[in-house]
Every structure is written in C-alpha cells, then in structure tokens.
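Structure first, then comments.
The values are calculated or read from the model by the stated rules, or taken from the named source; none is laboratory data. Quantities reported herein were computed from a predicted structural model and do not represent experimental measurements. Here the Cβ positions follow ideal geometry from the backbone for every residue, glycine too, while neighbour counts run over all protein chains shown.
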Amino acid sequence: MTAEGKHTVMHLHPSWGLYTVTRWYFNATTGVLTWRDEMSKIMPSMPYTVLLWLSFLISTAQAAIMQGSYTPLGSRLWLLELNLINSGDALPLEHFSLYFPENEFGALQLRASPAGWDTLAISRDLGLPAPGLFDSVVLNRTFAVASGGHQDGFSLMVDYLGPTRPGALRFDILDAQYRAVYSGDLAPSYIIPSVPEPAMPLMLIAGLALVLARRNIWRKPLAVALVVGSVSGCGNPDTNTPADPAARELLATMETGTGIGTVDIAPPGAGLTALSKLREERISRLEFRYIYKVTVKNGNSALNDVQIHLTSVGEGSKIEDGLAVAGNVASGITQELNDTITITHDRSKPFNPSALHWTISAAPVGALGQLDHGGSMAGIDHDANGVRDDIDHVVTELFTDPGIRSAATEVARQLQKAAVAAITADQARTTQIALERAASCVASRSRDYARINNTLMAATFNTDLRLQALTRYMTALEGVSLPAIPLSGACQQEELP
C-alpha cells in the first residue's frame, strides 16, 4: 500500500514490515498524519493493531495539488484561475476550500465555476476576524476529480492588499463531515500582460520635454509631468484603474474593523476592552465556531466572583457558550480571562460586532459588599445628610473625583427621598425633577454615568421593603408631566418648572 503527500512517501510491505517512513504527517484536527522522524525497518513482530492503525490513516489520506495562475487587472486587483489535481491514489476529490488571509486580501468576487460544481466566494470578515473563503463542492459524485485527474475552470477576482504580488495560499480537501483530510499550499504562477510600445507621438513628446527641461526652456515640473503622463499611458498593471466595471466595483468595497459591542449592565468602572479570537472550527459548509478570550477591566473597587455574560448577538450568529468566569478581580486592573466565549456564525452573512450585548455580574467587596439589609426603610443616617451611611461609604469608595462624588451624593439623596418621602403625585414630581437634574449632572461629569446611576439605585433599593417603596414611587409618577433636563447647567441648583 502506498500513499503520497507533499514531500512525503510511505511504503508498507505486504508482509507488514515497514521499510521507510519519510516526513509523513497526520494531524488529528486536520486529518493529516504527522511523522517527521525517518525510521528504519520495523520487524514483523510489530503489534498487528498498530499496523492496522497506520494502514487506516494512510488509506484515508488524500494527496492533491492546487495550481493558481495570477493575472494583474490593474490597481490592487488580480484574476486568480485555479486547477485542482488529484495526485494521489486515494478517494476522488469532491470538496475544497481555499483561504485568503484577512490581513492580505480584501474583497473576493467569483468569476467562473466549472459545470457540476457549486462554488462561492466570501470576502474576509474583519469583525470575527476571518479570512476570505473560496469554497467549491461537487453537485454529485460524477463530477469528482478521480485519481490522476484534474479540474480547472475555477476563477475569482481578488483585491490584494500586499506590497508586491499575491503568493501561496492554504487549501483544504474536505470530507462529507467538513473535516480537512488533506491540507496543502497553492502553487502560484503569474501571467503578466505584454506592455505595448508607446505610440510614436508620445515618445517624441516625452523626449522633447526632457531636452527642453535640460536646457531650462521649460520648467522642470512641467517636463516631468509630461513624461509621467506619457509613461502612465503604457498600461502599467500595478497603477492603472481597472477597465472592467466589475473590477472597479470590487475595488470600491470597503470594510471596517470591529468592536466588542455594548456592556449593558456592569459594576461602576468595570467593562470589556478586547475580544480576541483564540481559534475557529468548521461545523458545516458555511457555519463556523469561533472561540474568543475576553479582556476585562475593573474600576476602583475590587470585585469577587466576576462573570461575563454574552446576552445577544446579531443576524447569522448564535451563542454557544456565553459565560466567561473571571473569579476575583482586583481594583484598577485589566486582564485577559482564561475562560472563553463561544459563538457560531454563518459566513454568508457579515458579522456585526455592534450587535453584541454583555452584562458583567459580581459579588462586590468593600462598601458595596456591606450594604444595610435591615428591616428599616430609611436605614441609618448618622450625619443627617439625607443619604444612608452605607450608601455614603459606597460613594466615597468608588468615586475619587470630587465633582463626580458630589453629583453621585445628590443622586443618592434624591433616591432616598423617593424611598421614604414621596407619596403624592406632587411630591413624586418634585423628587423626580431633582433626581433627573442630579443624574444629568453626573452625565455631564462622567461618561460612566449610566453605571453610576444604576449602581446607586440598586444599592438604595436593596431589600424587598425598599423595592416596594420604589414601586409606590413609580405608581405616583404615572401620568405626571416632567420637564426636559439639559446637561448644561444641570449641576446648578436653580429651580426648574
């Protein structure tokens, strides 16, 4: 039995003696055998089960060659024509994928596909991020590439972002379960169109311009401009605007980078700073699994039992594992978590990072971990400033900026009034106007205003009794007209209508 792969040959003697193994490799993930050490003859006493295992691996290996011919189309665009060759003696080739690194290639556009093959070209997705994908599968097995055969007629237009010219690309031969049974590199070649000789009038003008420039009869910039203009008309494939309308349209395709979406709920100062792809796995022809590491930052208060929850994603995406456990996170640090988030995405749809929504939950330490949970509605206010002492401690601990601290204290004061004083609609209206003014003051002084205000509300209404008071307050506000509170001047204490 013989199986051949790129730069590798392995021979098994019919009597089960293994004579030579030369750089054959098999990867359990990709389906390719890895064996880099050269081995001498193994005696027939080698366990029969091991020989059967090796025989199975060899029989499932595929050997293929992918030839690619690049033709420049102008500017950054190239036409890539492909020829798939079955160079082994294993199964026919029915499905392949060719990958275009996202940092080297922009948009892709399918130009041609042979009969009997279903082919698609998907441009890179910087949101995931994921490479461009050229994928083709036979419509039925009669079109598969048999041993010793080949299939050409595949072509696509690519936007190459590199400095010189595109080169080798990785391809996979896939089985019916979308597993790579063989991987290799595209063997590139290049077709450079012949450059026509410049027309005689242009040559004369360029020569005359140089002569006049040397004699200072014309100013040199004008002469240089004439020369450049004449030469650029010769059809330099690297600088001309593409004549093909489809090529121009492809070149105009723009893509943007990614973010991490929106953190809807989190402790004050806590947030996410990065989402880093750890790896990707193919599930089906178009669906891939993406595993990410999350980087979390923390504010001025240490947090215990921190958990990151991915709560929603955009079209084409699904949450497979939306929980990343961070454990205890010290104050003022930024760290990448060991735990991961997993989503699946359909590559036929663009990934939308702005559709990601997150929450960060934690068991607080410090003042937030020592809130008053007693049976009293008002709690303890030793300094009689209108704010519960435990809430005062939270404000002091979390907010070091004097302006933010004073604005947060005023929010806490009005929330306390809502809990213990507001009963009638008029009282509720007066309290709500003061509360919205204080909240707007926080917004004018901190971009983290939403989390600051939400944290103070959660800390104030932290028992069932206090939540009942909040319900009564909201009921009293039903149908009440309230004025708009502008950010400018919100920190001043003048009365609003």
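What the table shows:
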| quantity | calculated |
| --- | --- |
| Residue ID - farthest from the chain's Cα centre (by Cα), chosen from residues in the range 313-334 that are exposed (fewer than 15 other Cβ atoms within 10 Å of the Cβ) and more than 22 Å from E397 (Cα to Cα) | V325 |
| L456 being out of contact with any helix residue (DSSP H, G or I) (no Cβ under 7 Å at 6 or more places or on another chain), within 26 Å of S301 (Cβ to Cβ) and in a helix (DSSP H, G or I) | no |
| Of residues in the range 459-470 being assigned to a helix (DSSP H, G or I) and either closer than 11 Å to A419 by Cβ or hydrophobic (A, V, I, L, M, F, W, C) (or both), the one nearest to the chain's Cα centre (by Cα) | A459 |
| Among (1) in a strand (DSSP E or B); (2) at pLDDT below 95 - the single one H309 does not satisfy | (2) |
| Conditions (1) in contact with a Ser or Thr (Cβ under 7 Å, 6 or more places away or on another chain); (2) closer than 30 Å to L303 by Cβ; (3) part of a loop (DSSP other than H, G, I, E, B); number of the one not met by I485 | (2) |
| Given (1) modelled with pLDDT of 90 or more; (2) of a type in the set (A, V, I, L, M, F, W, C); (3) in a strand (DSSP E or B); (4) surrounded by fewer than 20 Cβ atoms within 10 Å (Cβ to Cβ), number of the condition A363 does not satisfy | (1) |
| Residue match in the range 400-421 (condition: more than 30 Å from L120 (Cα to Cα), assigned by TED's automatic domain parsing to the domain that holds Y290, acidic (D, E) and at pLDDT 90 or above) | no |
| Those residues of the range 382-409 which are out of contact with any helix residue (DSSP H, G or I) (no Cβ under 6 Å at 6 or more places or on another chain) and touching a residue at least 12 places away in the same chain (Cβ under 8 Å), in sequence order | N385, R388, D389, D390, D392, T396, L398, T400, D401 |
| Qualifying residues in the range 449-488 (those that are of a type in the set (F, W, Y) and under 18 Å from S376 (Cα atoms)) - the one surrounded by the fewest Cβ atoms within 10 Å (Cβ to Cβ) | F461 |
| Positions within the range 335-346 being over 20 Å from E281 (Cα atoms) and surrounded by 17 or more Cβ atoms within 10 Å (Cβ to Cβ), in sequence order | L337 |
| Matching residues in the range 321-346 - criterion: being of a type in the set (V, I, T) and either on the phi > 0 side of the Ramachandran plot or free of Cβ contacts under 8 Å to residues at least 60 places away in the same chain (or both) | V325, V329, I333, T342, I343 |
| Qualifying position, being crowded, with 19+ Cβ neighbours inside 10 Å and assigned to a loop (DSSP other than H, G, I, E, B), among V411, V395, V387 | V387 |
| Subset of the range 322-369 [small (G, A, S) and over 25 Å from A459 (Cβ atoms)] | G322, A324, S348, S354, A355 |
| Scope the range 285-320; condition without any contact (Cβ under 8 Å) to a residue 40 or more places away in the chain and either within 30 Å of S136 (Cβ to Cβ) or assigned by TED's automatic domain parsing to the domain that holds A180 (or both); matching residues | G316, S317, K318, E320 |
| Residue ID - farthest from E94 (Cα to Cα), chosen from residues in the range 118-131 that are free of Cβ contacts under 8 Å to residues at least 60 places away in the same chain and crowded, with 20+ Cβ neighbours inside 10 Å | P131 |
